Every structure is written in C-alpha cells, then in structure tokens.
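Engineer: Pasting in a structure now, in structure tokens, and then I'll have a few things to ask.
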Amino acid sequence: MSDPVLMEEPLQFGEGGRLFGILTLPSVPFHNPQELPVFVFFNAGLLHRVGPHRLHVRLVRDLSRMGFSSLRVDLAGKGDSPSRPGLAGQQSTAADYEEVVRVLESRLPPAPRVLAGLCSGADNAIRLAPKDPRVVGLVLLDPVCSQDGGFRTRALVLRYTNTARYIAWSRRRFRPPKSQEQFDPLAIRDVPTPEELRSAFESMRQRGGRVLSVFTQYALQFYNQAGQLGRVLGVEGYEQFCTELFWPQAEHTYTLDLHRRRLMEAVKTWAGGFIRS
C-alpha cells in the first residue's frame, strides 16, 4: 500500500516468531509520540487481523492520519499465528498480550495504550485492561452486559412496535422449521463476568482513561437501551469518561459500508479526545 502519510510494517514476533501482526505508523509525527496512545486491535472471533469487511484496516489507517500508531494482531490460533502448545483460551491470550507489549516497547517510544475489539476481541480487551497499567482506553464493540430492571419491558414493547422486526419474525414463524434448536451466539463466547467488566471500567476511571462502547442489533438479547451499560455497572462518574452508543439498525459485523463509515467516524471522534490542542 502506498500512502504518503502512513507506513505499514508486517511483524513476526514472540517466542519462535509465532505471532503475526501489522504495525501502522504515521510517516510524520503529528504530536509527541509519548503522549498519544497506541491502539491494539484484537481478532474478532475467528477472523484474522483485517477485521470484518476490512474494518480494522480502514480504522488503523484513518487513526494513523490523525497521528496514532496501531497494531493489528493475530492472536495464537487465529490468522497467521499458530496455536500455543499446552495453552488455550484466556491463558493463551494473556501470554500473547505479554508478547504484544514487548514488541511495542521494542519498536516504539514509551506510550499509553488503547485496547480495541469486536465481540471476543472486546472480551479480551476487558480482561487484559486492569492488568496493564499503561492501558488508558478501551474501544468495545458489542461487549456483553447484564440486563437491567427495565430490559424485559422494553423488549416486549420493541417486539410489538418495531415493524421490521415483526415482519422478520413472521417470516420465521411461517417458514418450515429446519431445526428445533436455536443457535445462541453467546454460547461460543468466553464472556467476562460482571465483576471483570466492572473491574475494567474501574481501572479506566482510576487512570483517568476513557471507554467507547458500541452496541448493535446483535446485543438485543441482553441490551436494548442506550445507557443500560452505565446503569448496570454503577461506576462513579461513568458519564464523564464513557461514551455509550446504541445502533440497533447496524449488524454485528457492520456489513453495510454506511454503518462501517459511521463507526469509523465515531472511533475517530472519540480518539480525538486524546489529542491535546
């Protein structure tokens, strides 16, 4: 890729060079590199570092044009990074992140970090943030939160007042059933506990960090109103350091370019809060 304002470098790093990622840097520093955080984008499910519909690629390039450096990484067992023998799940992710920190510290000046991810990538960011004191930001796309007291009432109202959802339900209702079993997308996620979620947000509050959370139609089974996450967490000063968005028209993987561009603008606006004028 040729772009006069950014550089991209493939990295093979970690023990035995088992991890692979793409480091994206601004070609000309716009700001003090020690002040701006470095973004780390985790895999979304089984997708590799490009993200759904190349979302991560487009995001990091736009962030680079603002002056931010970013690393898109394939965690072990995903993309071009083989699995870790004897390790899986959270243990493997924790070991991978240690290698990510080491390679960033070897290639870049000391800087804070922002952890970003969609779906399981958000789950990983939530668990890792409290353990790394240099993390000052989280971008969480469809994290999982508990239902609040008004969730069921809102869900009932939505079911009978949303025409599009009613039509979709009708089509499913009168279509010959293929299977009696319904697929639960949360069943394949190792979802953080409520305590882990609260710990991540508390760590951001204590460090003066910031959080961007975006919920799509995927979340409707557990989240259905902007502000629900803040109410469930009950973290002091939540509104001062957290941005919570609810886009029920958007699909989980941002299939439509319109929704991808909307998300990119939201992330860039949020990231702009780290730039000192």
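Engineer: I'm told Gly230 meets every condition in (1) out of contact with any helix residue (DSSP H, G or I) (no Cβ under 9 Å at 6 or more places or on another chain); (2) without any contact (Cβ under 8 Å) to a residue 24 or more places away in the chain; (3) of a type outside the set (Asp, Glu) except one. Can you identify the failing condition by its number?
Structural biologist: Answer for Gly230: the failing condition is (1).
Engineer: Let me ask another. Looking at segment 1-44, which of the residues that are part of a loop (DSSP other than H, G, I, E, B) and buried (at least 16 other Cβ atoms within 10 Å of the Cβ) is modelled with the lowest pLDDT?
Structural biologist: So, considering only residues that are part of a loop (DSSP other than H, G, I, E, B) and buried (at least 16 other Cβ atoms within 10 Å of the Cβ), the one modelled with the lowest pLDDT is Pro33.
Engineer: Can you tell me which residues in segment 235-250 are free of Cβ contacts under 8 Å to residues at least 40 places away in the same chain and over 20 Å from Arg154 (Cα atoms)?
Structural biologist: Residues satisfying the conditions are Val235, Glu236, Gly237, Tyr238, Glu239, Gln240, Phe241, Thr243.
Engineer: Could you list, in sequence order, the residues of segment 62-78 that are under 18 Å from Thr24 (Cα atoms) and either open to solvent by 50 Å² or more (accessible area, probe 1.4 Å) or among the aromatic types (Phe, Trp, Tyr) (or both)?
Structural biologist: Those that are under 18 Å from Thr24 (Cα atoms) and either open to solvent by 50 Å² or more (accessible area, probe 1.4 Å) or among the aromatic types (Phe, Trp, Tyr) (or both): Arg65, Phe68.
Engineer: In segment 193-219, which residues are closer than 16 Å to Val144 by Cβ and either open to solvent by 30 Å² or more (accessible area, probe 1.4 Å) or charged (D, E, K, R) (or both)?
Structural biologist: Scanning segment 193-219 gives Thr193, Pro194, Glu195, Glu196, Arg198, Ser199, Gln217, Tyr218.
Engineer: Moving to a separate point now. For residues that are under 14 Å from the mean Cα position of the chain (by Cα) and outside any helix (DSSP H, G or I), scanning just segment 243-277, find the one that is farthest from Glu196 (Cα to Cα).
Structural biologist: This residue is Tyr254.
Engineer: When residues of segment 220-240 are filtered for being open to solvent by 20 Å² or more (accessible area, probe 1.4 Å), touching a Gly at 6+ places or on another chain (Cβ under 9 Å) and not in a loop (DSSP other than H, G, I, E, B), how many remain?
Structural biologist: Total meeting the criteria: 2.
Engineer: If the requirement is being in a loop (DSSP other than H, G, I, E, B) and out of contact with any Pro (no Cβ under 9 Å at 6 or more places or on another chain), which of these qualifies: Pro109, Pro85?
Structural biologist: Result of the check over Pro109, Pro85: Pro85.
Engineer: Here is a further query. Of the conditions (1) surrounded by fewer than 22 Cβ atoms within 10 Å (Cβ to Cβ); (2) under 19 Å from Glu9 (Cβ atoms); (3) charged (D, E, K, R), Lys131 clears all except one; give me its number.
Structural biologist: Checking Lys131 against (1) surrounded by fewer than 22 Cβ atoms within 10 Å (Cβ to Cβ); (2) under 19 Å from Glu9 (Cβ atoms); (3) charged (D, E, K, R), the one that fails is (2).
Engineer: Are any of the residues in segment 257-274 of a type in the set (Ser, Thr, Tyr), open to solvent by less than 80 Å² (accessible area, probe 1.4 Å) and at pLDDT 95 or above?
Structural biologist: There is no residue in segment 257-274 that is of a type in the set (Ser, Thr, Tyr), open to solvent by less than 80 Å² (accessible area, probe 1.4 Å) and at pLDDT 95 or above.
Engineer: Within segment 49-74, take every residue that is over 14 Å from the mean Cα position of the chain (by Cα) and assigned to a loop (DSSP other than H, G, I, E, B) and give me the one that is nearest to Glu98 (Cα to Cα).
Structural biologist: Checked segment 49-74; the qualifying residue nearest to Glu98 (Cα to Cα) is Ser69.
Engineer: Count, please, the residues in segment 107-118 that happen to be at pLDDT 95 or above and closer than 23 Å to Glu15 by Cα.
Structural biologist: Total satisfying the criteria: 2.
Engineer: Just the residues that are farther than 15 Å from Leu46 by Cβ and either open to solvent by less than 50 Å² (accessible area, probe 1.4 Å) or touching a Pro at 6+ places or on another chain (Cβ under 8 Å) (or both), please, taken from segment 88-106. Working first, answer last.
Structural biologist: Step one: filter segment 88-106 for residues farther than 15 Å from Leu46 by Cβ, giving 90-91, 94-106.
Answer for segment 88-106, where residues must be farther than 15 Å from Leu46 by Cβ and either open to solvent by less than 50 Å² (accessible area, probe 1.4 Å) or touching a Pro at 6+ places or on another chain (Cβ under 8 Å) (or both): Ala94, Ala95, Asp96, Tyr97, Glu99, Val100, Val101, Val103, Leu104.
Engineer: Can you find a residue that is buried (at least 20 other Cβ atoms within 10 Å of the Cβ), in contact with a Gly (Cβ under 8 Å, 6 or more places away or on another chain) and basic (Lys, Arg) anywhere in segment 45-61?
Structural biologist: Yes - at least one qualifying residue is present in segment 45-61.
The values are calculated or read from the model by the stated rules, or taken from the named source; none is laboratory data. Since the model is a prediction, treat every value here as computed from it, not as a measurement. Here the Cβ is made from the backbone with ideal geometry for all residues, glycine too, and neighbour counts use every protein chain on show. Note: areas computed on protein heavy atoms with side chains; ligands, DNA, RNA excluded. Shrake-Rupley method; radii C 1.70, N 1.55, O 1.52, S 1.80 Å.
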